[in-house]
Amino acid sequence: MDLPNPTTSPIDRPRPPNRKAQQKEQTRLRLVEAALTLFAEQGYDETTTSDIAALAGVTERTFYLHFATKADAIIELTPEWAQTLVAYIRSTIA
């Protein structure tokens, strides 16, 4: 049996994210992924926030709870996603 470390108070321990926070993050990621997919398929100018929301399985209102514009949906890309996007763009240009 592991005993608690007396030098670490419960306040110092990271708390696991709650279910609502996890769902919010999952929705946000689905929106980003949908935006990337649609931008690649039909172009940025032809893609609407309604298209992005529909592909992500949420309402347009939900899209706007997470992002102010469709550009904002891709600004926060993780480095891994950004690398994948750059690789895709390079492959289409070559």
Local charge sum around residue 62 (other residues, Cβ-Cβ under 13 Å, Lys/Arg +1, Asp/Glu -1)? +3
Gain in length, residue 61 to residue 44, computed as 0.36 nm per residue apart minus the alpha-carbon separation, to one decimal in nm? 4.1 nm
Residues with beta-carbon under 12 Å from that of residue 44, excluding residue 44: net charge, scoring Lys, Arg +1 and Asp, Glu -1? -3
How many nm is it between the label spots at residue 24 and residue 84, if each spot is 7 Å from the Cα in line with the beta carbon? 2.4 nm
Virtual spin-label span in nm between residue 71 and residue 93, 7 Å along Cα→Cβ: 2.0 nm
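Only the coordinates and a few stated rules stand behind these numbers; no lab work does. Quick caveat: nothing in here was measured; it's all calculated off a predicted structure. Because the Cβ atoms are built from the backbone with ideal geometry, glycine has one as well, and the counts that use them run over all protein chains shown.
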